[in-house]
Structures are given as C-alpha cells and as structure tokens.
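The values are calculated or read from the model by the stated rules, or taken from the named source; none is laboratory data. Just so you know, these numbers come straight off a predicted model, no measurement behind them. Cβ coordinates were reconstructed from backbone atoms using ideal geometry, including for glycine residues, and neighbour counts include every protein chain displayed.
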Amino acid sequence: MSRTQLRNLMMRVARLERRASGLIPLQGVDFSGRDLSGKNFSKTDLTGANLTKAKLIGADLTGANLKGANLTGAKLEGAVLIGADLTGADLDGADLEKANLSNANLSNAILTYTALVGTVLVYSNLTNANIKYSVLENAILLGADLTGADLSDSTLSSASLPKAVLKGATLIKTNLWGTDLTGVDLSSANLKGANLELSDLEGADLTGATLTNAVLSEANLSDADLSNADLTGANTDNTKFKKAKYNDQTKFPKSLRSVRSLVKVP
C-alpha cells in the first residue's frame with residue numbers, strides 16, 4: 001500500500017469514527033472574543049478549542065466535547081451544557097450564572113474566580129476541580145461529585161448540595177452560610193475556618209474532617225457522624241447535635257458544655 005493510499009485510508013477511518021461518535025468536528029478552533037450567543041453547538045467536538053472571552057450567552061452546548069478547552073473570561077450565562085465534557089478545561093473568570101451543567105464532566109477543570117450564581121450542577125463530576133475564589137450562591141449541586149475539589153475562599157451561601165460527595169475536599173475559609181448539606185459526604189474534608197452558620201448538615205458524614213475554628217453557630221448537625229473529626233476552636237453556639245455520632249478521637253471545642261445529646265460510638 002502506497003503512502004497516499006494509507007493516508008486516504010486513515011482519513012476515511014477518521015471520518016467514520018467522527019460519524020460513529022455523532023460529534024461535529026471543530027477541534028482546536030479559535031473562537032476567542034467571538035459573539036456566539038444563542039448558537040447551537042450541541043454534540044460538537046470542541047476539544048482544545050480557544051473560547052477565551054467568547055460570548056456564549058444562552059448557547060446550546062448539550063453533550064459537547066470541551067476537553068482541555070480555553071474558556072477563560074467567557075460569558076456563558078444561561079448556557080446549556082447538559083452532559084458536556086469539560087475535563088481539564090480552563091474556565092478561570094468565566095461567567096456561568098444560571099447555566100445548566102447537569103451531568104457534565106468538570107473533573108480537573110479550572111474554575112477559579114468563576115461566577116456560578118444559581119448554576120445547575122446536578123450530578124455533575126467536579127472531582128479534583130480547582131474552584132477557589134468563586135461564587136456559587138444559590139447553586140444547585142444535588143448529588144454532585146466534588147471529591148478532592150478545592151473550594152477555598154469561595155462563597156456557597158444558600159447553595160443546595162444534598163447527597164453531594166466532598167470527600168477529601170478543601171474548603172478552607174469557605175462561606176457555606178445557610179447551605180443545604182444534608183447527607184453530604186465530607187469525610188476527611190478540610191473546613192478550617194469555614195462559615196457554616198445556619199447550614200443544614202443533618203446526616204452528613206464528617207468522619208475525619210477538620211473543622212478547626214469553623215463557625216457552626218445555629219447549624220444543624222443532627223445524626224451527623226463526627227467520628228475522628230476535629231472541632232477545636234469551632235463556634236458551636238446553639239448548634240444542634242441531636243444524635244450526632246462521636247468517638248474518643250473526636251475533638252470538641254472547650255466552649256461546648258455538654259455532649260449528652262450526642263451518641264458515642266466505638
């Protein structure tokens with residue numbers, strides 16, 4: 001087989017693969033600074049695309065492949081990214097207010113200084129994502145996987161995270177005021193200095209979690225598991241600990257007068 005025949009064969013195979021995947025090929029395209037608001041990019045392969053400061057307001061990116069794409073400073077308010085693959089994408093400084101990223105893959109993505117106000121991230125994959133210094137007020141993260149994610153210095157006030165997984169996540173000085181964290185897995189998470197005032201942590205798994213100097217006033221930790229957790233220096237004024245579990249390794253703040261409402265476990 002000649003080189004030309006081989007090249008033609010490989011091109012034919014590539015076309016067949018793209019057809020089988022159902023994705024429209026736009027890999028590596030440069031749309032930086034372009035106004036693409038309302039455009040339809042569903043099922044489009046935008047792997048490694050340059051979308052720096054692009055306007056994608058209300059755009060449809062359902063099922064799009066945006067692996068490694070550059071979306072720094074992009075405007076994605078109200079965009080639909082359901083099931084999109086944003087693995088390793090850079091969204092530093094992007095605006096995703098009220099966008100829908102349900103079931104999207106954002107593992108290892110950069111979301112620093114990102115606006116995620118009212119954003120829907122139901123069952124999305126945010127494992128090991130960098131979400132520092134971002135605003136997630138009123139965001140919906142039901143069942144989202146944030147294992148190993150870093151949300152330090154971010155604001156999640158009034159956000160909804162029931163049944164989310166934040167195992168080993170870093171939430172140093174994170175604002176979680178009034179946040180719904182019922183049934184959340186925060187085992188081995190670092191919540192040093194975090195603000196959890198008025199948050200609902202009923203049934204949460206906080207085994208091995210660090211809560212030193214955290215604000216837990218008026219928070220609900222009923223039925224939570226605090227085994228091996230460190231609450232040294234935490235503010236527990238009017239905190240509800242009804243039937244919360246603890247063990248000999250649990251460290252409570254000196255200000256906590258009684259643990260009678262808690263349940264000691266081996």
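Overview of values
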quantity: Residue among Ala224, Ala244, Ala219, Ala194 that alone is surrounded by 20 or more Cβ atoms within 10 Å (Cβ to Cβ), over 27 Å from Ser124 (Cα atoms) and out of contact with any helix residue (DSSP H, G or I) (no Cβ under 6 Å at 6 or more places or on another chain); calculated: Ala244
quantity: Flag for Leu23 being modelled with pLDDT under 90, surrounded by 13 or more Cβ atoms within 10 Å (Cβ to Cβ) and at negative phi; calculated: yes
quantity: Pairs with Cβ under 7 Å, 6+ apart, first in the stretch 253-266 and over 18 Å from Asn228 (Cα atoms), second surrounded by 11 or more Cβ atoms within 10 Å (Cβ to Cβ) and among the β-branched types (Val, Ile, Thr); calculated: Ser255/Thr236
quantity: Qualifying residue in the stretch 91-111 (condition: hydroxyl-bearing (Ser, Thr, Tyr), touching a Lys or Arg at 6+ places or on another chain (Cβ under 8 Å) and at negative phi); calculated: no
quantity: Scope the stretch 227-241; condition more than 15 Å from Leu198 (Cα to Cα), crowded, with 24+ Cβ neighbours inside 10 Å and among the small types (Gly, Ala, Ser); matching residues; calculated: Ala229
quantity: Residue within the stretch 107-125 that is under 19 Å from Lys192 (Cα atoms) and either in a loop (DSSP other than H, G, I, E, B) or modelled with pLDDT under 95 (or both) present; calculated: no
quantity: Subset of the stretch 71-100 [more than 18 Å from Gly38 (Cβ to Cβ) and not β-branched (Val, Ile, Thr)]; calculated: Gly73, Gly83, Asp85, Leu86, Gly88, Ala89, Asp90, Leu91, Asp92, Gly93
quantity: Those residues of the stretch 34-76 which are crowded, with 19+ Cβ neighbours inside 10 Å, over 21 Å from Ser107 (Cα atoms) and either of a type in the set (Gly, Ala, Ser) or under 18 Å from the mean Cα position of the chain (by Cα) (or both), in sequence order; calculated: Ala54, Ala59
quantity: Positions within the stretch 113-159 being of a type in the set (Ser, Thr, Tyr) and farther than 19 Å from Ala84 by Cβ, in sequence order; calculated: Tyr113, Tyr133, Thr147, Ser152, Ser154, Thr155, Ser157, Ser158
quantity: From Ser158, Ser187, residue being crowded, with 19+ Cβ neighbours inside 10 Å, in a loop (DSSP other than H, G, I, E, B) and over 14 Å from the mean Cα position of the chain (by Cα); calculated: Ser187
quantity: Meets criteria (β-branched (Val, Ile, Thr) and either in contact (Cβ under 8 Å) with a residue 40 or more places away in the chain or out of contact with any Asp or Glu (no Cβ under 7 Å at 6 or more places or on another chain) (or both)) for Ile131; calculated: no
